[in-house]
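Report on the structure given below.
Here, each number is a calculation from the coordinates, and none is a lab measurement. Owing to the predicted nature of the structure, the values given are computational and were not obtained by experimental measurement. A quick note on method: Cβ atoms are made from the backbone with ideal geometry, for glycine too, and the neighbour counts reach across all protein chains shown.
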Amino acid sequence: MKILAISDVHGDKAFMRRMAQKGRQEQVDLVIIAGDLVDFGHSPEGLIGPFKEQGLEVAIIPGNHEGLADINFLVETYKIKNLHGYSMKVGDIGIFGCGYGDIGMHQLTEQQFFDTLKLAHDSLLEKGIKKKLMITHVQPDDCFIGLKIPAWGSSGVRKALKEFKPDLHLCGHIHETHGIEEVIEGIKVINVGKTGRIFEL
């Protein structure tokens, strides 16, 4: 399975058109957008269409810049998958997620981060899953991806890593560490950011 993963696009339509072309050229099976597709109050129109025009499947979680109305608009308009509190199965790969952030208008408590990931993860049980991919917008707490700044990141996300043991965790949120990889609780965690990373599972 080949995945193109991005986050923190913040309304850059030209970037999304380039990513749609990359996805088609690389023949990816799924495009994952790990939050902050837009800036506060801006429309998400024109950001998903390029991928659908290339025949690509898309899954998304909200970041701390978009709310449920934005995500519902995209799901209904483009028939994409919302992974916030939900899961999906592609072949023998199970993907589960939790959006929103630890700051701003759209934020969750630590318990909400964990409970949302648990709900999504538990929906994968007994589905013949061989590998698991966890998607969040916010990074785990106390990590280099979060610049080791106290109170940055989520202890709830870290707890989910420890308990659910995904094979890979993709996040976004911290612009300064886009593309950085780190092993946290024995799991490879990658801040995909605005890099257009492709992964094979």
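Yes or no: Phe199 surrounded by fewer than 22 Cβ atoms within 10 Å (Cβ to Cβ), within 20 Å of Met1 (Cα to Cα) and either without any contact (Cβ under 8 Å) to a residue 60 or more places away in the chain or among the aromatic types (Phe, Trp, Tyr) (or both)? For Phe199, the condition - surrounded by fewer than 22 Cβ atoms within 10 Å (Cβ to Cβ), within 20 Å of Met1 (Cα to Cα) and either without any contact (Cβ under 8 Å) to a residue 60 or more places away in the chain or among the aromatic types (Phe, Trp, Tyr) (or both) - is met.
Residues that are closer than 18 Å to Gly85 by Cα and crowded, with 24+ Cβ neighbours inside 10 Å within the stretch 142-168 comprise Ser154, Gly156, Val157, Ala160, listed in sequence order. Residues in the stretch 92-104 that are outside any strand (DSSP E or B) and under 25 Å from Val58 (Cα atoms): 4 in all. Taken together, the residues in the stretch 107-139 that are in contact with a strand residue (DSSP E or B) (Cβ under 6 Å, 6 or more places away or on another chain) and among the hydrophobic types (A, V, I, L, M, F, W, C) amount to 9. Kindly evaluate Ile60 against the criterion of being within 24 Å of Lys194 (Cα to Cα), of a type in the set (Val, Ile, Thr), crowded, with 21+ Cβ neighbours inside 10 Å and touching a residue at least 40 places away in the same chain (Cβ under 8 Å). So Ile60 fails the test. Determine, yes or no, whether Thr77 is assigned to a helix (DSSP H, G or I), of a type in the set (S, T, N, Q) and crowded, with 17+ Cβ neighbours inside 10 Å. For Thr77, the condition - assigned to a helix (DSSP H, G or I), of a type in the set (S, T, N, Q) and crowded, with 17+ Cβ neighbours inside 10 Å - is not met.
A search for C-beta distances below 7 Å between a residue of the stretch 2-15 that is free of Cβ contacts under 8 Å to residues at least 40 places away in the same chain and any residue that is buried (at least 16 other Cβ atoms within 10 Å of the Cβ) and not aliphatic (A, V, I, L, M), counting only pairs 6+ apart in sequence or on different chains, returns nothing. The set of residues in the stretch 1-21 being in a strand (DSSP E or B) and not β-branched (Val, Ile, Thr) consists of Lys2, Leu4, Ala5. Determine if the stretch 39-54 includes at least one residue that is part of a helix (DSSP H, G or I) and touching a residue at least 60 places away in the same chain (Cβ under 8 Å). No, that holds for no residue.
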